[in-house]
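Participant: One structure coming up, written as structure tokens, with questions to follow.
The values are calculated or read from the model by the stated rules, or taken from the named source; none is laboratory data. This structure is a prediction, so every number in the text was calculated from the model and none was measured. Backbone-built Cβ (ideal geometry, glycine too); neighbour counts: all protein chains shown.
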Amino acid sequence: MSSRMQDKLVRDCFLQACGKEHPQPGLIVHTDQGSQYTSSRYQSTLRQVGAQSSMSRKGNPYDNAMMESFYKTLKRELINDAHFETRAEATQEIFKYIETYYNTKRMHSGLDYRSSKDFEKYNY
């Protein structure tokens with residue numbers, strides 16, 4: 001988590017995910033048109049692993065509805081009522097929410113009321 005939108009942060013995150021998931025060439029990575037995603041360094045990173053970039057239309061959150069929904073849920077279930085003393089504490093709590101609850105236990109209506117982890121386990 002950073003106080004600025006930086007392509008290094010998204011490149012590092014993307015490469016970490018690639019190291020964990022080992023995607024096949026042709027992976028489509030969908031984002032908005034933020035400067036961190038349109039940067040030549042980020043686009044080069046995608047090409048290096050054989051991924052293709054897909055971006056939502058400018059000013060159209062409906063093109064990226066799944067991520068918009070995720071952020072709405074994160075804010076509603078964790079952020080809105082929380083008071084974090086430091087950025088480090090906020091980072092840690094958000095990480096815990098995603099890794100130990102959102103992806104592993106929380107049921108998602110779009111996944112037939114299964115967790116993301118269960119859906120991936122039985123479908124991929």
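Participant: Given the condition modelled with pLDDT of 95 or more and within 24 Å of K121 (Cα to Cα), answer yes or no: does some residue in the stretch 74-82 qualify?
Facilitator: Scanning the stretch 74-82, I find at least one residue that is modelled with pLDDT of 95 or more and within 24 Å of K121 (Cα to Cα), so the answer is yes.
Participant: Among the numbered criteria (1) touching a residue at least 12 places away in the same chain (Cβ under 8 Å); (2) in contact with a Lys or Arg (Cβ under 7 Å, 6 or more places away or on another chain), which one does N64 miss?
Facilitator: (2)
Participant: Quick one: which residue in D118, D81 is part of a helix (DSSP H, G or I), more than 20 Å from S3 (Cα to Cα) and of a type outside the set (S, T, Y)?
Facilitator: Every option except D118 fails the conditions.
Participant: If you check I94, I98, which single one turns out to be under 13 Å from the mean Cα position of the chain (by Cα), in contact (Cβ under 8 Å) with a residue 40 or more places away in the chain and surrounded by 14 or more Cβ atoms within 10 Å (Cβ to Cβ)?
Facilitator: Details: I98 fails: in contact (Cβ under 8 Å) with a residue 40 or more places away in the chain.
Unique residue meeting the criteria: I94.
Participant: Residue by residue through the stretch 9-32, note down the ones that are surrounded by 11 or more Cβ atoms within 10 Å (Cβ to Cβ) and either closer than 12 Å to S53 by Cβ or among the aliphatic types (A, V, I, L, M) (or both).
Facilitator: Selection gives L9, V10, F14, L15, A17, L27, V29, H30, T31, D32.
Participant: While we're on this one: Do we have any residue at all in the stretch 38-55 that's part of a loop (DSSP other than H, G, I, E, B) and not assigned by TED's automatic domain parsing to the domain that holds Q16? Give the derivation first.
Facilitator: Narrowing the stretch 38-55 to residues part of a loop (DSSP other than H, G, I, E, B): 39, 49-51.
Narrowing the set further to residues that are not assigned by TED's automatic domain parsing to the domain that holds Q16 leaves none.
No, because not a single residue in the stretch 38-55 is part of a loop (DSSP other than H, G, I, E, B) and not assigned by TED's automatic domain parsing to the domain that holds Q16.
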